[in-house]
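Heads up: the structure comes next, in structure tokens.
The values are calculated or read from the model by the stated rules, or taken from the named source; none is laboratory data. In this text, all values refer to a predicted model and were calculated from it rather than measured experimentally. Positions of Cβ are backbone-derived with ideal geometry, glycine not excepted, and every protein chain shown enters the neighbour counts. Accessible surface areas use protein heavy atoms only, side chains included; no ligands, DNA or RNA. Shrake-Rupley method; radii C 1.70, N 1.55, O 1.52, S 1.80 Å.
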Amino acid sequence: MQTRLTVPISAQNIDQAKQQIKEARDCGAEMLELRTDYLENLTVDMVRELVADIKKAPGGNLPVIVTCRDKAEGGMREYPQQLRIDVLVAGLKAGAEFIDFEFNSYMPTSNQARIRVALSQSLKGRLILSAHSFESRFPSISMLRRRMAIVAPAAIPKIVYTANHINDCFDAFDLLHNTGGDRIVFCMGKAGIISRIIAKKLGSFLSFASLDQQSATAAGQLTIEQFIKRYHYHSINAQTGLYGVIGSPIAHSLSPAIHNTGFTAAGLNKLYLPLLVEGGSEEFDNFLRGILARGWLGFEGLSVTIPHKENAYRYITVKNGQVDPLSRRIGAVNTIVTGPDGRLRAYNTDYSAAMDSITSAANITRDGLKKMPVSIIGAGGISRTIVAALADTGAEITIFNRTLSRAENLADEFNCRAAPLKDLPDTTAKLLINCTSVGMYPNIDETPVPQEYLKKDMVVFDTIYNPAQTLLLKQAKKAGAKTIDGISMFVNQALAQFKFFTGQDGDRDMMRKVVTENLGH
Ligand code: NAP
């Protein structure tokens, strides 16, 4: 069953609407929704003209939905109910394939009668019966679906609600999975974004995409460009394997762009999503339990980022999954896959990524790091991972941090030294690593290490990847030091994840290009 990528036309006047219709066609829309409630001074003649315009356009007859949304259910303007029905009837007469009318508005028998007559006089017209909840989930969407089917058995039910948390999306997934035929179910809001994409895998009748951010008609609507280019909409089908990165915030993660480009280049039917899991361990557990209980969703592998790496480690150990020894020492994982035995396996690709970046740039083996004096600035999550990995090689580590007690705790755990930032001038390190966010976009004129401390015989590694060339790295280069940027570590961890996800080697240059291009935006 085809899930039509549907673009709402949300213009204020006829000329603007015609322009949007043309742009939607050019962008690859598979269906249009005329949101006539956005038009100023709406008349039935305007609707006739627009439907006729769509129908006679060269290059294909796009199916069209005519909607005049009730203000109480998210309509743009307050139009009288009689006009709203007149508009739908006119739309059908002009050749529209679908009209959308709210379930609540349809309940009065007089309204039903007019709509039924208009539908019976139309050769192909069908009713989309819609229900919206802008605050939260419906008490029972399966019950709502049954009530809709009783009132209008031939209609396409459309059930849309705001997901206040990603875990609210499971109701929508279950309804799509448990019902057949034409139906539209998805969630609004940023927590509901994935439901708009997964809707295609689960065979929803349509999914909405806006022309651009400004013309979106509902919260969380993706643009048609994001759908097609980032989420490879046309390749999604019932067999598509799902992957994603769990984190909060997650909207700016580069992982979906990297992995989706990698999957497509390798010709794999896999899709990688941003999974916004807000809250703490309870919400994380509920999400993981939710997707694991629904094998039909097809999740095959997950990345995990801030703030859930420790939650992921705890979940996997409690569930008796497999975790490698160094990840155990770090107490955090960033990759989860299901092994061939059905057991969950978790890995930390950050530490091997950091080590690979260091050894290849400095042209040394891991053994060569033994006894090497290393200064690490910062004592947060990424510092912990790099300290654990370097301590494993026998490097002589000093951790410098703004909050000394944090550095001391980390140093105690991994048997190294701690010092306040003011002691940095005395560093005799051969390897200096910035694990703070100082110098990260937008504060690109900052550096955690004054220029005079940087020496020719040092290797300087900045874990920040936005920008790639931080002030620290620019100044280190000037001093004649070897430098390593954060992109190399980011790409290394993505390559390791890609291998766990697919069993194949990813393309390093392509991944680096995707990161650089996306940072450029
Ligand atoms: P985190 O846990 O929040 O730790 C942040 C660290 O930065 C803490 O040590 C903090 O010191 C220090 N810090 C923050 N602002 C500071 C300031 N104004 N002056 C001095 N110190 C300051 O963060 P994280 O997860 O470790 O991430 C740190 C950096 O690593 C980020 O910039 C991120 O871009 C980078 N990173 C890179 C990759 C990659 O693949 N390349 C992966 C993950 C993270 P206090 O303890 O005193 O607060």
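So which of SER136, SER142 is open to solvent by 10 Å² or more (accessible area, probe 1.4 Å), of a type in the set (Ser, Thr, Tyr) and part of a loop (DSSP other than H, G, I, E, B)?
SER136
Give the range 340-357 a look and list any residue that's in contact with a Lys or Arg (Cβ under 8 Å, 6 or more places away or on another chain) and part of a helix (DSSP H, G or I), or say none.
MET355
Quick check: is even one residue across the range 359-366 within 15 Å of the ligand (Cβ to nearest atom), open to solvent by 20 Å² or more (accessible area, probe 1.4 Å) and polar (S, T, N, Q)?
yes
On the basis of being in contact (Cβ under 8 Å) with a residue 60 or more places away in the chain and within 16 Å of the ligand (Cβ to nearest atom), does TYR347 make the cut?
Judged against the criteria, TYR347 is a match.
If I go through the range 415-432 residue by residue, how many of them are outside any helix (DSSP H, G or I), open to solvent by 30 Å² or more (accessible area, probe 1.4 Å) and either within 12 Å of the ligand (Cβ to nearest atom) or free of Cβ contacts under 8 Å to residues at least 24 places away in the same chain (or both)?
3
Name the residue, out of THR447, THR436, that is closer than 14 Å to VAL387 by Cβ, of a type outside the set (A, V, I, L, M) and crowded, with 17+ Cβ neighbours inside 10 Å.
Only one candidate qualifies: THR436.
Could you list, ordered by first residue, the pairs with Cβ atoms under 6 Å in which the first is in the range 390-406 and under 13 Å from MET355 (Cβ atoms) and the second is open to solvent by less than 30 Å² (accessible area, probe 1.4 Å), at least 6 apart or interchain?
Short answer, once both residue conditions are applied: LEU390/VAL374; LEU390/ILE397; ALA391/PHE414; THR393/LEU369; ALA395/LEU369; ALA395/VAL374.
For the range 496-513, name all the residues that are crowded, with 20+ Cβ neighbours inside 10 Å and either among the small types (Gly, Ala, Ser) or within 16 Å of the ligand (Cβ to nearest atom) (or both).
Within the range 496-513, ALA496, GLN497, PHE498, GLY506, MET511 meet the criteria.
What single numbered condition from (1) open to solvent by less than 10 Å² (accessible area, probe 1.4 Å); (2) in a strand (DSSP E or B); (3) more than 25 Å from LEU472 (Cβ to Cβ) fails to hold for VAL337?
Unmet condition: (1).
Let me spell it out: the conditions are (1) touching a residue at least 12 places away in the same chain (Cβ under 8 Å); (2) over 21 Å from VAL459 (Cβ atoms), and ASP412 meets all of them except one. Which number is the exception?
Among (1) touching a residue at least 12 places away in the same chain (Cβ under 8 Å); (2) over 21 Å from VAL459 (Cβ atoms), the lone unmet condition for ASP412 is (1).
I want to confirm something. Restricting to the range 433-492 and keeping residues that are in a loop (DSSP other than H, G, I, E, B) and hydroxyl-bearing (Ser, Thr, Tyr), which single residue is farthest from the chain's Cα centre (by Cα)?
Top of the filtered list is THR447.
Being without any contact (Cβ under 8 Å) to a residue 40 or more places away in the chain, near the ligand (Cβ under 9 Å from one of its atoms) and among the charged types (D, E, K, R) narrows it down to one residue among GLU446, GLU452; which is it?
GLU446
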